Amino acid sequence: MRVVIVGGTSGIGLAAAARLAAGGAEVVVTGRSEERLRSALKQLGDQARGPVSGQVVDARDTGAMRALFEALGTVDHVIVTVTGRGGAGPLSSLTGEGLTEAVRNKLVPHLLTAQAALGVLNPEGSITFVTAASAGAALPGIATLAAVNGAIEAAVPGLAVELAPIRVNAVSPGVIDTDWWSEIGDEARAAFMEGAAESLPVRRVGRPEDVAATIEYVVRNAYTTGIVLTVDGGARLKA
């Protein structure tokens, strides 16, 4: 089984790569940073049962993604974990540039990466998008994040029918303790994570490995397509 994980050099993508490689899959990871790629490959190599390799490529560069897949040849599964900064904040402060950036950093690379892979994707394989539970959340200041992630999730059922028998699914994480939160500072991050944990039925925030387990499920389960699986510690159950 050959799996390409776009955005697989850190966080959820790296955890998914580690889990699949430990299970014997051949894993190819991509990322924008040469340093992170080297670190990820070293980490993966220490625990992999299958071959592991990587490429530095910007998923926002559609031409580069097409070239990547053409060079790779046949692929069984594609997992897109690309995310981006920007998009959070009240509607009153939203700008056209900020909205465009949010779309360009996530919606565009998710859909066009899937398109770029079509020529080499095994008909019995799958595409898995990693979105975010903000798509279904009703919280102030996240309307743009919800719109971008919701757009990807809305595309899943139609793509599952359009691209059949290739399977198309999405995994939608809630609060996961990754470097995505690093920009708010260590003290604010720790306080936020503590508060989030106390509010969740599971009484903890998520780890990348929690999401990786769900990604592996939709990749390996050949009878699952057209769904969005939420991994949020029960946050959706709160009144």
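The values are calculated or read from the model by the stated rules, or taken from the named source; none is laboratory data. No experiment lies behind these values; they were computed from the predicted model shown. Note: accessible area is taken over every heavy atom of the protein model, side chains too, but ligands, DNA and RNA are not part of it. Shrake-Rupley method; radii C 1.70, N 1.55, O 1.52, S 1.80 Å.
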Any chance you could give the angle, 0 to 90 degrees and rounded to 10, that helix 62-72 forms with the longest Cα principal axis of the chain? 40
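Ignoring any ligand, DNA or RNA, what whole percent of the accessible area of the chain comes from carbon and sulfur when the probe is 1.4 angstrom? Display every interim value, and only then the final one.
Working: 6190 of 11500 Å².
Carbon plus sulfur share of accessible area: 54 percent.
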For Lys106, Lys42, Lys238, give me the order by solvent-accessible area with a 1.4 Å probe, most accessible first, ignoring ligands, DNA and RNA. Lys42, Lys238, Lys106
I need the shape label for the stretch 91-152. Rule: rounded when a/c is under 1.5, else prolate if a/b > b/c, else oblate, with a, b, c from the alpha carbon gyration tensor. oblate
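Given the convex hull of the Cα atoms of the stretch 31-118, what is a quarter of its surface area in nm²? Working shown, then result.
Numbers: hull surface 28.8 nm².
Dividing the Cα hull surface by four gives the mean projection, 7.2 nm².
From the square roots a ≥ b ≥ c of the eigenvalues of the alpha-carbon gyration tensor of the stretch 141-239, which class results: rounded (a/c under 1.5), prolate (a/b over b/c), or oblate? If you can, show how the numbers build up before the last one.
Working: a/c = 2.29, a/b = 1.87, b/c = 1.23.
Taking the square roots of the gyration eigenvalues as a ≥ b ≥ c, the stretch 141-239 is prolate.
What does the helix-only formula give at 222 nm for the chain: each DSSP H stretch with n ≥ 4 adding -39500 (n - 2.57), the total divided by the residues, and the result rounded to the nearest 500 deg cm²/dmol?
Details: 8 runs with 99 residues, N = 239.
The helix-only estimate for the chain comes to -13000 deg cm²/dmol at 222 nm.
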Can you tell me the orientation of helix 186-199 relative to the chain, as the angle in degrees between its alpha-carbon axis and the longest Cα principal axis, to the nearest 10? 80
Å² of accessible area per residue within the stretch 1-143, as computed with a 1.4 Å probe and no ligands counted: 45
